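Below you'll find the structure, written out as structure tokens, and then a few comments.
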Amino acid sequence: MLYSGDLVFKGRVPFVGNADSRLWLEALERLVAFKPKHMIPGHGAASSTPGDDLKLTRDYLVYVRQTMGQAVKDFVAFDEAYAQTDWTRYAKLPAFQEAKPRQRL
């Protein structure tokens, strides 16, 4: 049994806020390596598919870092970069609008 705390959000995208997403991803990789059979996430119901839930949180953070990181390299304003990003994979998940990435990642 893995108690992940706020590192994992089951069935929804995480709220990144001012978190250090690089360190968060490092921690997620360590949790993935445990190959847990069950998990109590920081948000959402207990999980009998923790690999999938860990992957969703990890993939979202990677996507945000890649897309917004590229915008920084290209000197694109945050609001413009956010509007141009394809959020299709995540937009229908609960709390997507509330979890919108902020400028500081």
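The values are calculated or read from the model by the stated rules, or taken from the named source; none is laboratory data. Keep in mind that what you see is a predicted model, and the values were worked out from it rather than measured. No Cβ is skipped: glycine too gets one built from the backbone with ideal geometry, and neighbour counts run over all protein chains shown. Side chains are part of the model used for accessible areas, which takes the heavy atoms of the whole protein and leaves out ligands, DNA and RNA. Shrake-Rupley method; radii C 1.70, N 1.55, O 1.52, S 1.80 Å.
Selection of the range 1-57 for residues being within 17 Å of Arg89 (Cβ to Cβ), open to solvent by less than 30 Å² (accessible area, probe 1.4 Å) and in contact with a strand residue (DSSP E or B) (Cβ under 9 Å, 6 or more places away or on another chain) yields Phe9, Pro14, Asp53, Leu54, Thr57. For the condition free of Cβ contacts under 8 Å to residues at least 24 places away in the same chain and of a type in the set (A, V, I, L, M, F, W, C), Phe34 does not qualify.
Contact map, the range 73-102: residues that are basic (Lys, Arg) paired with residues that are open to solvent by less than 80 Å² (accessible area, probe 1.4 Å) and not in a helix (DSSP H, G or I), Cβ distance under 8 Å, separation 6+ or inter-chain. Pairs shown: Arg102/Val16; Arg102/Gly17.
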